[in-house]
Amino acid sequence: MMRAKRGFTLLELLISISILSIMMIFLYEGYAQLNKSNAVYKDELRKIQTQQIKKRVIFLDFSLALANSVKSMNQGKKEDVVFFQSTNSIHKRYNPYLAYIVKESKLYRLESSKEFKEYPLSRDTEAVVDYLGDVESFRVYKSSNENKELYLIHIDFKDEEDVLFKVKVLNEK
């Protein structure tokens, strides 16, 4: 009687290891490509989140402004300087005074516990400064309607989506 073979030949073993190696290379390449895609999507998500936070802060600043406190000063065709008091604070101040200023095509948000009175600001001005981004233009238009305090805010960012808000001040008397 002959006994049946119970093992693999060396050739069969080499072929199966080769096939397994080729499959692992393709799986690794797919995994590496997935990681690259995830990094790109993560960067895009971070940009979108940053832009949404900026939009929310700007909208809340103006919509929660105290009645008749918004003072907009035109500094040219594409730039306005805006001073006002708001109940919105990102630096934990009670009814902070805010300023939006464009300096060298960069938009800044200043938050202070003391009122901004003039532009350019004096050297002793104390404020927390937040950089909002590079801009082509920053304009704030007040509605001519005397009964409602409405503002149109247009910010043309250089590398981001434009911001255009129509904001009604909620703290009207």
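Put simply, when 164-170, 97-103 are sorted by average Cβ atoms within 10 angstrom per residue, most first, you get 97-103, 164-170. Helix 10-63 and the longest principal axis of the C-alpha atoms of the chain enclose an angle of approximately 10°. The mean sequence separation of alpha-carbon pairs under 8 Å and at least six residues apart, normalised by the residue count of the chain, gives a relative contact order of 16 percent.
Expressed to the nearest 5 percent, the antiparallel share of DSSP beta bridges inside the chain is 95 percent.
Over all other residues within a Cβ to Cβ distance under 15 Å of LYS54, the charged ones net out to -2, with Lys and Arg as +1 and Asp and Glu as -1.
For GLU149, the amide hydrogen comes within under 5 Å of the amide hydrogens of VAL169, counting only partners 5 or more places away or on other chains and with H modelled in the peptide plane. Across the stretch 70-83, computed HN-Hα scalar couplings (Karplus, 6.51 cos²θ - 1.76 cosθ + 1.60, θ = phi - 60°) run 7, 10, 10, 10, 6, 10, x, 4, 10, 9, 10, 10, 10, 10 Hz from first to last residue, x flagging Gly and Pro. Here the gap between SER122 and SER18, fully extended at 0.36 nm per residue and compared with their Cα-Cα distance, gives a gain of 29.9 nm. Taking the helices alone, the chain has a mean residue ellipticity at 222 nm of -11500 deg cm²/dmol, built from -39,500 (n - 2.57) per DSSP H run of at least 4 residues and averaged over all its residues.
For the residues ASN35, ASN74, ASN88, a GNM of the chain with alpha-carbon springs under 10 Å puts the largest fluctuation on ASN35. Ordering THR87, THR9 by the number of other Cβ atoms within 10 Å of each residue's own Cβ, fewest first, gives THR9, THR87.
Taken together, the values in this text are just the output of simple stated rules run on the coordinates, not laboratory data. Since we're looking at a predicted model, the values are computed, not measured. In this analysis, Cβ positions are derived from the backbone assuming ideal geometry, glycine residues included, and neighbour counts consider all displayed protein chains.
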